Amino acid sequence: MRLIAVAVSTLLLAGAAPVLAQSPEQSPQDQRPQPTRVSTVQPQRVVLICESDAATRSAFTRQYGAEPVFLTAREAAAAKTAGQTWTTPRCMTEREHSRYVQLTQAYAAH
């Protein structure tokens with residue numbers, strides 16, 4: 001079972017804000033109840049390298065609350081070009097990631 005987070009710089013946009021950021025005036029000794037802050041998840045273009053076995057799919061679903069959606073190299077390139085974003089990370093196999101790298105290098109060479 002393996003989920004490798006890859007910072008594919010060409011696919012990764014700015015990260016989401018921290019869920020429960022602590023303000024500077026709060027100290028570890030401060031035991032008063034604090035109001036709950038609601039997180040707003042920013043849509044982004046995060047792609048993880050995932051295996052497609054059952055254990056990896058189960059781990060992905062447990063961590064992100066949704067079944068993994070796999071992208072091909074061409075789909076990832078098209079999403080980048082179109083500025084497409086999503087709230088749940090997408091997956092890419094190692095083989096498709098290699099193809100994506102080759103594809104983007106070929107585009108950059110022209």
Going by amide H atoms built from the backbone, whose H comes under 5 Å of the H on PHE70, apart from near neighbours? CYS91
From phi via Karplus (6.51, -1.76, 1.60), per-residue ³J(HN,Hα) for the stretch 86-94 in Hz, x at Gly/Pro: 8, 8, 9, x, 9, 10, 8, 6, 4
Rounded to whole Hz, the Karplus (6.51, -1.76, 1.60) HN-Hα couplings of the stretch 95-104, x for glycine and proline: 5, 5, 5, 4, 4, 4, 4, 4, 5, 5
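Computed from the coordinates by the stated procedures, all read-outs in this text should not be read as laboratory data. For clarity, every value in this text was computed on a predicted model and none was experimentally measured.
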